[in-house]
Amino acid sequence: MADILMPKATAVWLVDNTALTFEQIADFTGLHHLEIKGIADGDVAAGVRGADPVSAGQLDRDELAKAEADPSYRMVSSKPKYAEYQDTGRKGPRYTPLSRRQNRPDAIAWLVRNHPELTDGQISKLIGTTKSTIESVRSREHWNSSNIKPTDPVSLGLCTQIDLDAQVTKASSRRAQMEKDGTVKVEEDVLKPAEEYDAPSSSPTTLDELFGKPKRKPARDHDDDED
């Protein structure tokens, strides 16, 4: 079912102009049936002008007649005109809110360090940045290089984990070739499981071993003792 524009206004019109049940109107508009009952009683959506879904092309008149004749029938909204010609795909760079744009250099540094197989175009598409910014971070010529801290872009809210995994999967063949050529070392770029790290030979058991032996206080003079 297609999304209904102005569902509350549509519900108002259906309550006032049809013999549909509250459940039928609720299923069609996506509202709760108690809210539909409130509209009928005048407690909800007071002053809201009804919107005719038939004239708006959201409901076929035959569907409406069929639903009025059978209370168990659930109406199906009409497909918007020219819907097949509407391009729902996103074009251009990803939009990043102003409050998060300052975090993009940190995300770039993380991606460059942990996923060198990603191209500048993939990184640009992933977090909505420019290739010149990526190059400046990679070459450490960024104006704020001294303060850049590599941070996972997912934790920064610049992309979703699904988008990141999709780009990494797309570049997996490039990663394999880089490892084969020796330009990327798995040990440096991939996090190991915790059990693969060597445990220390001996762990500190006393406070002196953990924090170091405390420094002795200088001996006090005899005059101080007398005082």
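Only the coordinates and a few stated rules stand behind these numbers; no lab work does. Since we're looking at a predicted model, the values are computed, not measured. In this analysis, Cβ positions are derived from the backbone assuming ideal geometry, glycine residues included, and neighbour counts consider all displayed protein chains.
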What nm distance separates the two modelled labels at residue 5 and residue 151, each placed 7 Å from Cα along Cα→Cβ? 4.0
If I take every Cα pair under 8 Å that is 6 or more residues apart in the stretch 7-79, average their sequence separation and divide by the length, what percent do I get for the relative contact order? 36
For the stretch 66-79, what does the Karplus curve 6.51 cos²θ - 1.76 cosθ + 1.60, with θ = phi - 60°, yield as ³J(HN,Hα) per residue in whole Hz, taken in order and with x for Gly and Pro? 5, 6, 5, 7, 10, x, 8, 7, 10, 6, 10, 5, 7, 6
Once you have the Cα-Cα distance between residue 139 and residue 66, take 0.36 nm times their residue separation minus that, and quote the gain in nm to one decimal. 19.5 nm
How many nm is it between the label spots at residue 162 and residue 21, if each spot is 7 Å from the Cα in line with the beta carbon? 3.5
Mind pulling the per residue volume of the convex hull built on the Cα atoms of the stretch 98-189? Å³ is fine. 99
